[in-house]
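**Q** Just passing along the structure, written as structure tokens.
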Amino acid sequence: QFRKKRLRFGRSRIHEWGLFAMEPIAADEMVIEYVGQNIRQGVPKTPGRGPGRAPGARLPPTPPPTPQPNCYAKVITIEAQKKIVIYSKQPIGVNEEITYDYKFPIEDTKIPCLCRTEGCRGTLN
């Protein structure tokens, strides 16, 4: 049983749109369920929907170029179905952006990162 987390969409300083916590989230808590296309097993290509959201609802990308993403993706099994769930790695404060490593492949066309954090690689891929 998971209580749905209160999240909001907003303009991201990292890259266009992001997902932000509207309440404190403790470490190792489920943040959101991913329901989208997989590039390869266990790695989401696009974000999904949060607990309690309508089926098929999509979230804008929440790319994580920061050197220390605050969340991670985990494959879990519920009633014999595999699901990708985003969990918090650490406590997340109100208005903090949800970030995790999509593990995008390295490509010739780079997507710029605008976070300006120390150690940032400068691109999302």
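The numbers here are math on the coordinates, done by the rules we state, and not lab data. Predicted, not measured: the structure shown is a model, and the values here were computed from it.
**Q** If the reach is capped at under 16 angstrom between alpha carbons, list the aspartates and glutamates near Lys4, excluding any in the same chain fewer than eight residues apart.
**A** Candidates past the 8-residue exclusion: Glu23, Asp28, Glu29, Glu33.
**Q** Less than 17 Å apart at the alpha-carbon level, and either on another chain or at least 8 residues along: which lysines does that give for Lys110?
**A** Lys45
**Q** Can you compute 3J(HN,Hα) from phi for each residue in region 16-33, using the Karplus curve 6.51 cos²θ - 1.76 cosθ + 1.60 with θ = phi - 60°, rounded to whole Hz and x for Gly and Pro?
**A** Per residue, the Karplus-derived 3J(HN,Hα) values read 6, 10, x, 10, 10, 6, 9, 8, x, 10, 6, 5, 6, 9, 5, 9, 7, 9 Hz.
**Q** So between Arg11 and Ala80, what do we pick up on full extension, going 0.36 nm a residue minus the alpha carbon distance?
**A** 21.2 nm
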